[in-house]
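Participant: Structure in structure tokens, see below.
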Amino acid sequence: MTAPLRIAMWSGPRNISTAMLRSFGNRADTFVTDEPFYGHYLRQTGLDHPGHDEVIAAQPDDWRKVAKWLCGPVPEGQAIWYQKHMSHHLLPEIEQEWLSGLCHCFLIRDPREVLVSYTQVRETVTLEDIGLPQQAALFNRLLDEKGTPPPVLDAKDVLSDPEKLLRALCEAIGMTFTEAMLSWPPGPRTTDGVWGKYWYSSVKNSKGFVAYKPKQVRLSPNLEELAAKCDPYYERLHTHRLGQ
């Protein structure tokens, strides 16, 4: 591993992204950051998310400042900086040259499971809200640039065998796996975004990854139509997932 290692984990909403944040945050050598572009995203889109004003007030209004910070010295002098990103937060006006300073990974989840969970927090949802087109576009760009696919984790695989998948991820990005990544103390974190009270109810008191259980997902016709639009993007990344 070449220190510092800045890991950008690109996810969509209602995934296990916060559990992954807990996992990396439990390492002794890692600083973690929670969705640093969320405030900019809400400010620019005007979307009515829970805690809208609070999120905007908590984060810088200039994406350039955020990008410079993410590529700068790692806080607390740590060797690893794990950055939890939502792919839909990477709005078109955000220039992407700074991304070359990060090690990129992708976290995906079956879009039907995502939609069931998402609509429990927000009544309306669009393809762009789920972030799969943005994930696929960034994945394709990185693949074209480097010639090899960035690491992809599927939530189902991680929950089915956390140690196997976390070991595979660590090997793929050149860092050492530690069993500290498999469990963590329950409760909120100072590194959680101010939006945690709206979105993190299921992970707040967790102590580790919850074993995967198949779900019987029943969507309304409108949501099933949306899920069908998500499928090609999901499958594009799914074919490259670790642990196959």
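The values are calculated or read from the model by the stated rules, or taken from the named source; none is laboratory data. Source: prediction; values computed, not measured. Ideal geometry is used to build each Cβ from the backbone, glycine not excepted, and the neighbour counts take in all protein chains shown.
Participant: From the list 148, 124, pick out the single residue that is among the β-branched types (Val, Ile, Thr), more than 17 Å from the chain's Cα centre (by Cα) and farther than 28 Å from residue 224 by Cβ.
Facilitator: 148
Residue by residue, here is whether (1) more than 16 Å from the chain's Cα centre (by Cα); (2) surrounded by fewer than 16 Cβ atoms within 10 Å (Cβ to Cβ); (3) at pLDDT 95 or above; (4) not in a loop (DSSP other than H, G, I, E, B) holds:
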site: 153; (1), (2), (3), (4): no, no, yes, yes
site: 157; (1), (2), (3), (4): no, no, yes, yes
site: 168; (1), (2), (3), (4): yes, no, yes, yes
site: 191; (1), (2), (3), (4): no, no, no, no
site: 197; (1), (2), (3), (4): yes, yes, no, yes
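Participant: Right, something else. Could we say that residue 37 is out of contact with any Lys or Arg (no Cβ under 7 Å at 6 or more places or on another chain), closer than 17 Å to residue 141 by Cα and of a type outside the set (S, T, N, Q) here?
Facilitator: It is false that residue 37 is out of contact with any Lys or Arg (no Cβ under 7 Å at 6 or more places or on another chain), closer than 17 Å to residue 141 by Cα and of a type outside the set (S, T, N, Q).
Participant: Please enumerate the residues belonging to region 28-84 that are out of contact with any Phe, Trp or Tyr (no Cβ under 8 Å at 6 or more places or on another chain), in a loop (DSSP other than H, G, I, E, B) and of a type in the set (Gly, Ala, Ser).
Facilitator: Scanning region 28-84 gives 28, 46, 72, 79.
Participant: Every residue in region 1-27 that is among the β-branched types (Val, Ile, Thr) and part of a strand (DSSP E or B), please.
Facilitator: Once the filter is applied, which keeps residues that are among the β-branched types (Val, Ile, Thr) and part of a strand (DSSP E or B), region 1-27 yields only 7.
Participant: Name the residue, out of 28, 67, that is at pLDDT 95 or above, closer than 30 Å to residue 210 by Cα and small (Gly, Ala, Ser).
Facilitator: Sole residue among the options that is at pLDDT 95 or above, closer than 30 Å to residue 210 by Cα and small (Gly, Ala, Ser): 28.
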